[in-house]
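Asker: Okay, here's the structure, questions in a sec.
The values are calculated or read from the model by the stated rules, or taken from the named source; none is laboratory data. The structure displayed is predicted, hence computed values, not measured ones. Note that we place each Cβ from the backbone using ideal geometry, even for glycine, and neighbour counts take in every protein chain shown.
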Amino acid sequence: MLLNVDPDSNGQRLDNFLVKMIKNIPKSRIYRMVRTGEVRINSRRVKVFAKVYQGDSVRIPPLSGMTIGSSQVESTHDDHIERLAHKNISIVFEDECMIILDKPSGISVHGVKEKRLGLLELTQTVRRDTCLKLCHRLDKDTSGLLIVSKKRSFLLNLQKQLKNGEVNKRYLAICLLNSNSTEIPKEVCKPLLRTYDHDGNRLVTISKKGKYALTKLREIKRILHRDFGFISLIECIPTTGRTHQIRVHLSSLGVPILGDKKYGEQVLNKTRAERMFLHAWKLSFRKPGMDKKLRYESPIPVAFKKVLKSIE
């Protein structure tokens, strides 16, 4: 069986192309087909990380139960899926290229275990569209704006903008202060190293061996909370996109994010926050073919407003 590579798949990795095109076959079987030479590009044996280009012919073996298509997900739309979709999928904007989602706190952008739905898989399932791809990520407990691509050409363009620092992201964080005299600097520039803890969980630390990371800060409001003491609402603008960048940078200043269980352990015992108070607030970028930047904003979450109103 031959698959022809269309313009929207031009330059895509072979494994991603096959996962997109082949239905009802486990990913492990797809990878094994490539490794054993059952898959060929223009009659040549290749590696899984090889790229396909428009006009290429990809040969795959016929398999029992296999279907071919780029826009169908086999799934059961039971009440559970519908409830999850209603609770978690909030669309800020949509056109032919993208969907801007307002992600709630508490759901992963990707399912971390087999059969567990992250926000992307949930959106793919209810829309029956596996072509939807994440353009960037947010931590599970971070809420706010998330870009999902509907076209590969848009995905590649936005990834290039992200790499070049052309996408502007602004976050809101509620941070714990040691005292009312704690000063918030205008920026923090500390290299970040991604490691793992004893349980194999991802952990980011400040290290000279790490990668350059810069976060600009602006304090918006400071109050004395009846339960948490002095807290500060801070606008955070990451000019680099390192893993857990804002969380680690703020923690390194001694002003950890309220509810951050990973990087705020030193103050965890005196806090009973309902969530981690980090929110992807504003977003701007250029759509291909447009000179003017598009700008989007997510409303300040109700949980933020409740905390900021609870003063002494």
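A quick yes/no check of all residues on (1) within 16 Å of Gln161 (Cα to Cα); (2) surrounded by fewer than 19 Cβ atoms within 10 Å (Cβ to Cβ); (3) in contact with a helix residue (DSSP H, G or I) (Cβ under 6 Å, 6 or more places away or on another chain):
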{"site": "Arg272", "(1), (2), (3)": "no, yes, no"}
{"site": "His279", "(1), (2), (3)": "no, no, no"}
{"site": "Leu283", "(1), (2), (3)": "yes, no, no"}
{"site": "Met290", "(1), (2), (3)": "yes, yes, no"}
{"site": "Leu294", "(1), (2), (3)": "yes, yes, no"}
{"site": "Glu297", "(1), (2), (3)": "no, yes, no"}
{"site": "Val307", "(1), (2), (3)": "no, no, no"}
{"site": "Ser310", "(1), (2), (3)": "no, yes, no"}
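Asker: Collect the residues in the stretch 136-151 that are within 18 Å of Ser284 (Cβ to Cβ) and crowded, with 20+ Cβ neighbours inside 10 Å, keeping them in residue-number order.
Answerer: Within the stretch 136-151, Leu138, Gly144, Leu145, Leu146, Ile147, Val148, Ser149 meet the criteria.
Asker: Right, something else. Within the stretch 122-159, which residues are of a type in the set (A, V, I, L, M, F, W, C) and not in a loop (DSSP other than H, G, I, E, B)?
Answerer: Scanning the stretch 122-159 gives Leu122, Val126, Leu134, Leu145, Leu146, Ile147, Val148, Phe154, Leu155, Leu156, Leu158.
Asker: If you go through the stretch 9-39, how many residues are of a type outside the set (Ser, Thr, Tyr) and buried (at least 16 other Cβ atoms within 10 Å of the Cβ)?
Answerer: Qualifying residue count, the stretch 9-39: 16.
Asker: Could I ask something else about it? Are any of the residues in the stretch 189-199 crowded, with 20+ Cβ neighbours inside 10 Å, assigned by TED's automatic domain parsing to the domain that holds Lys292 and under 23 Å from Ala273 (Cβ atoms)?
Answerer: Filtering the stretch 189-199 down to residues crowded, with 20+ Cβ neighbours inside 10 Å leaves 192.
Next, only the ones that are assigned by TED's automatic domain parsing to the domain that holds Lys292 stay: 192.
Retained after the next criterion (residues that are under 23 Å from Ala273 (Cβ atoms)): none.
Checked against the condition, which is being crowded, with 20+ Cβ neighbours inside 10 Å, assigned by TED's automatic domain parsing to the domain that holds Lys292 and under 23 Å from Ala273 (Cβ atoms), the stretch 189-199 yields no hits at all.
Asker: If you don't mind, another one. Just give me the residues in the stretch 159-217 being among the hydrophobic types (A, V, I, L, M, F, W, C) and more than 29 Å from Glu297 (Cα to Cα), in sequence order. Lay out the reasoning, then the answer.
Answerer: Quick first cut of the stretch 159-217, residues among the hydrophobic types (A, V, I, L, M, F, W, C) only: 162, 167, 172-177, 184, 188-189, 192-193, 203-204, 206, 213-214, 217.
Correct list: Leu193, Leu203, Ile206.
Asker: Which of the residues belonging to the stretch 222-279 are within 13 Å of Ile184 (Cβ to Cβ) and either charged (D, E, K, R) or at pLDDT below 90 (or both)?
Answerer: Arg222, Glu235
Asker: Might you let me know whether the stretch 181-204 holds any residue that is at pLDDT 95 or above, of a type outside the set (A, V, I, L, M, F, W, C), closer than 30 Å to Cys131 by Cβ and in a strand (DSSP E or B)?
Answerer: no
Asker: Within the stretch 206-223, count every residue that is in a strand (DSSP E or B), among the hydroxyl-bearing types (Ser, Thr, Tyr) and surrounded by fewer than 16 Cβ atoms within 10 Å (Cβ to Cβ).
Answerer: 0
Asker: Another question about this same structure. I'm told Glu74 meets every condition in (1) at pLDDT 90 or above; (2) within 18 Å of Cys131 (Cα to Cα) except one. Can you identify the failing condition by its number?
Answerer: Of (1) at pLDDT 90 or above; (2) within 18 Å of Cys131 (Cα to Cα), only one is false for Glu74: (1).
Asker: Of all residues in the stretch 79-95 being among the charged types (D, E, K, R) and at pLDDT below 85, which is farthest from Leu294 (Cα to Cα)? Spell out the reasoning first.
Answerer: Narrowing the stretch 79-95 to residues among the charged types (D, E, K, R): 79, 82-83, 87, 94-95.
Checking which are at pLDDT below 85 leaves us with 79, 82-83.
Details: Asp79: 36, Glu82: 31, Arg83: 31 Å.
If we take residues in the stretch 79-95 being among the charged types (D, E, K, R) and at pLDDT below 85, then Asp79 is farthest from Leu294 (Cα to Cα).
Asker: Give the residue that is farthest from Glu121 (Cα to Cα), with candidates limited to residues of the stretch 1-60 that are in contact (Cβ under 8 Å) with a residue 24 or more places away in the chain and of a type in the set (Phe, Trp, Tyr).
Answerer: Result: Tyr53.
Asker: Right, next: Could you say which residue among Ile246, Ile234 is closer than 30 Å to Lys306 by Cα, of a type outside the set (Lys, Arg), crowded, with 19+ Cβ neighbours inside 10 Å and under 17 Å from the mean Cα position of the chain (by Cα)?
Answerer: On the way: Ile234 fails: under 17 Å from the mean Cα position of the chain (by Cα).
None of the other options fit; the residue is Ile246.
Asker: Same structure again: State yes or no: is Phe285 closer than 30 Å to Arg152 by Cβ, touching a residue at least 24 places away in the same chain (Cβ under 8 Å), outside the structural domain of Glu96 (by TED's automatic domain parsing) and aromatic (Phe, Trp, Tyr)?
Answerer: Values: closer than 30 Å to Arg152 by Cβ: yes; touching a residue at least 24 places away in the same chain (Cβ under 8 Å): yes; outside the structural domain of Glu96 (by TED's automatic domain parsing): yes; aromatic (Phe, Trp, Tyr): yes.
The answer is yes for Phe285.
Asker: Look through the stretch 78-111, keep the residues that are assigned to a loop (DSSP other than H, G, I, E, B) and more than 25 Å from Ala273 (Cα to Cα), and return whichever of them is nearest to the chain's Cα centre (by Cα).
Answerer: Of the stretch 78-111, the ones assigned to a loop (DSSP other than H, G, I, E, B) are 78, 89-90, 95-97, 104-111.
From the residues that got through so far, the ones that are more than 25 Å from Ala273 (Cα to Cα) too are 78, 95-97.
Details: Asp78: 26, Asp95: 20, Glu96: 20, Cys97: 18 Å.
The qualifying residue nearest to the chain's Cα centre (by Cα) is Cys97.
Asker: Under the condition of being touching a residue at least 60 places away in the same chain (Cβ under 8 Å) and part of a strand (DSSP E or B), which residue from the stretch 224-236 is nearest to Ile174 (Cα to Cα)?
Answerer: Of the stretch 224-236, the ones touching a residue at least 60 places away in the same chain (Cβ under 8 Å) are 224-228, 231, 233-236.
The next check asks that each one be part of a strand (DSSP E or B); those that pass are 224-225, 231, 233-236.
Details: Leu224: 12, His225: 11, Ile231: 7, Leu233: 5, Ile234: 6, Glu235: 9, Cys236: 10 Å.
For the stretch 224-236, the residue satisfying everything is Leu233.
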